[in-house]
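Everything below concerns the one structure shown next.
Values in this text are rule-based calculations from the coordinates and carry no lab data. These numbers come from a predicted model, not from an experiment. Glycine also receives a Cβ, built like all others from the backbone with ideal geometry; neighbour counts cover every protein chain displayed.
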Amino acid sequence: MREVYLDHAATTPPYPEVLKALQESYAAIYGNASSLHATGQKARRALEKAREDIAKLIDAEPEEVYITSGGTESDNIALFGTEALYPGQPMITSLIEHEAVLESAKALESKGHPVRFLPVDTNGVVDLNALKAYLEEKPFLVSVMAANNEIGTVQPIKEIAKLAHERGALVHTDAVQAVGKIPINVRELGVDMLSASAHKFYGPKGIGFFYLRKGVKVLPIVQGGGHERGLRSGTENVPGAIAMALAQKISTRLFTRTHYRYERWTAQILSKCGEIGGFRLNGHPQQRVPGLLSLSFKRINGEALMELLDMNGVAVSTASACQSHSAKRGYSHVIQSLGIDEEYANGTIRVSLGVENVQEEVDFFCEILKKCVLQLRGYRNGQ
């Protein structure tokens with residue numbers, strides 16, 4: 001059976017060049033980067049070169065980039081690494097953040113930090129007026145994701161950072177769905193901290209990075225040997241860092257080509273949805289990550305649609321892969337926050353295109369999507 005993978009927002013297949021670099025570095029650069037002998041220093045040089053490459057791609061200094069295990073750890077460093085420095089002060093985040101931020105915020109609440117949740121409009125854009133009001137409470141931190149992992153909406157991080165800094169708050173952005181997919185420049189955004197994960201941009205799993213602006217103090221959340229300049233203890237994953245830097249470089253180079261293809265395929269998919277009828281595109285129509293579509297179909301169940309598509313060889317999702325195992329409703333907290341009519345919200349799937357997809361796969365998906373939606377509506381109507 002034909003297999004079409006359209007769940008790149010969950011994870012991506014590593015580039016062939018990345019797999020090759022990973023394999024070669026495991027064989028040739030196996031030393032501990034903290035060791036002082038020649039083998040260790042060879043690993044150290046490779047690690048620092050990877051750090052330099054990563055930093056250059058986001059307009060940061062190498063010493064502002066810390067290698068982590070991924071987005072979740074980086075988010076936790078941002079929240080838990082700062083909260084102890086500001087006892088009892090509130091923090092601000094949004095209603096549509098990834099669980100790595102939402103669950104951490106709830107934990108901070110239990111430690112005495114009031115948490116304010118920013119509402120979003122029907123396109124998933126945070127309410128800046130609400131932000132201005134909450135900033136009057138003198139929060140220590142504002143954490144808003146750069147791009148949403150379910151609906152693709154890109155947030156006005158530059159404006160958020162400006163408002164927050166005017167009130168003395170630190171700014172963190174979870175950029176896991178943005179790095180490698182849209183241009184990210186930490187100087188232009190004005191953020192103090194940023195999280196990224198390699199497997200979202202065709203790198204290996206279990207590796208990511210944390211950007212920390214020079215001069216901003218963050219405490220380590222794991223105690224140990226003081227690796228990564230004291231912030232993140234644990235032997236550095238040098239092969240992973242090498243592979244991550246290469247994946248980020250390739251993804252950045254492919255921006256223009258992939259964006260053009262994604263725009264064309266998005267138009268084709270939306271046209272097919274128009275033929276099907278009774279659907280809506282969730283998220284901002286323009287300010288969005290290319291190739292990520294949240295589609296809600298009236299009078300069907302999104303999980304049933306996902307399973308039927310899977311039976312026909314097409315992989316999509318209903319929500320974030322990190323929450324699909326624990327969802328209690330038929331739709332996610334992100335979809336709920338948009339205020340969508342439940343008749344549509346229950347029928348939501350997420351389609352996310354990737355660099356390895358080809359036109360024939362998109363054509364196949366469009367035909368199978370129509371067939372599956374109409375089939376499910378037929379069952380519901382007793383046909």
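Axis of helix 71-83 versus longest Cα principal axis of the chain: the two differ by about 60°, to the nearest ten degrees. Placing dummy labels 7 Å off each Cα toward the beta-carbon, the span from LYS205 to ARG2 is 2.7 nm. For the chain, the longest principal axis of the C-alpha atoms and the axis of helix 255-276 are separated by about 30°.
Computed log10 I(q)/I(0) for region 146-289 at 0.09, 0.10, 0.14 Å⁻¹: -0.37, -0.45, -0.81, from the Debye equation with unit scatterers placed on every C-alpha and solvent omitted. In the chain, the sites counted are trypsin sites (Lys or Arg not before Pro) in DSSP loop states with at most 13 other Cβ atoms within 10 Å, and the longest stretch holding none of them, exclusive of the sites, is 3-110. Multiplying the residue separation of GLU136 and ASP59 by 0.36 nm and removing their Cα-Cα distance gives an extension gain of 24.6 nm. Region 212-288 has equivalent-ellipsoid semi-axes of 42, 18, 12 Å, by the square roots of 5 times the alpha carbon gyration tensor eigenvalues, sorted largest first. Cross-linked pairs LYS200/LYS298; LYS158/LYS214; LYS162/LYS217; LYS162/LYS249; LYS111/LYS214; LYS138/LYS217: Cα-Cα separations exceed 22 Å for LYS200/LYS298; LYS162/LYS249; LYS111/LYS214.
Once you reduce region 111-179 and region 90-106 to the center of their Cα atoms, the two points are 10 Å from each other. For region 16-252, a Kirkwood radius taken over Cα pairs fed into Stokes-Einstein (25 °C, viscosity 0.890 mPa s) yields D = 136 µm²/s. The angle between the Cα long axis of helix 99-110 and the main principal axis of the chain comes to about 60°, on a 0 to 90 degree scale. GNM remark for the chain: springs join alpha carbons under 10 Å apart, and the peak mean-square fluctuation among ALA315, ALA46, ALA38 falls on ALA38. Available extension along the chain between GLU17 and GLU275 is 88.9 nm, counting 0.36 nm per residue and deducting the alpha carbon span.
Summarising the label geometry, the points placed 7 Å from Cα in the beta-carbon direction at LYS162 and TYR26 lie 4.7 nm from one another.
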